[in-house]
Amino acid sequence: MTKDLRTFIAELEARSPDDIARVAQPISPRYEITALLTQLEKRKQFPLLFCEKVQGGNAPIVINAQASRRLMAAALECKPE
């Protein structure tokens, strides 16, 4: 069965909420998203990042969807090994 991005995110939130980080407050796409990813990486955290309100845009941004074997395995419906 074909899985679209919305379905993947919904399933990930339901099954593994620690693998997704939602940012509800407005965020700048110029530097803030990258800075946030850098801070998460320094803490050895690699969640899918879902920015709901991006300044200057009217669509959310999803980034880091392929950041770990676990995320890729969830997207491809296979084992991380």
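Here is a list: Leu36, Leu5. Which entry is open to solvent by 50 Å² or more (accessible area, probe 1.4 Å) and under 13 Å from Ala74 (Cα atoms)? So the residue among Leu36, Leu5 that is open to solvent by 50 Å² or more (accessible area, probe 1.4 Å) and under 13 Å from Ala74 (Cα atoms) is Leu5.
The rows are residues; the columns are (1) over 20 Å from Leu5 (Cα atoms); (2) β-branched (Val, Ile, Thr); (3) open to solvent by 40 Å² or more (accessible area, probe 1.4 Å); (4) without any contact (Cβ under 8 Å) to a residue 60 or more places away in the chain.
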residue	(1), (2), (3), (4)
Glu32	yes, no, yes, yes
Arg43	yes, no, yes, yes
Leu49	no, no, no, yes
Lys53	no, no, yes, yes
Gln66	no, no, yes, yes
Arg69	no, no, yes, yes
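Pairs are defined by a Cβ separation below 6 Å, a sequence spacing of at least 6 or placement on different chains, a first member in region 3-27 that is touching a residue at least 24 places away in the same chain (Cβ under 8 Å) and within 10 Å of Pro47 (Cα to Cα), and a second member that is open to solvent by 60 Å² or more (accessible area, probe 1.4 Å) and not small (Gly, Ala, Ser); the pairs so defined are Ile20/Glu13.
Criterion applied to Leu71, Leu12, Leu49 was being touching a Leu at 6+ places or on another chain (Cβ under 7 Å) and modelled with pLDDT of 95 or more, and the one residue passing it is Leu49.
The values are calculated or read from the model by the stated rules, or taken from the named source; none is laboratory data. Quantities reported herein were computed from a predicted structural model and do not represent experimental measurements. Note that each Cβ is placed from the backbone with ideal geometry, even for glycine, and that neighbours are counted across all protein chains shown. In case anyone asks, the SASA skips ligands and DNA or RNA and just uses the protein heavy atoms, side chains included. Shrake-Rupley method; radii C 1.70, N 1.55, O 1.52, S 1.80 Å.
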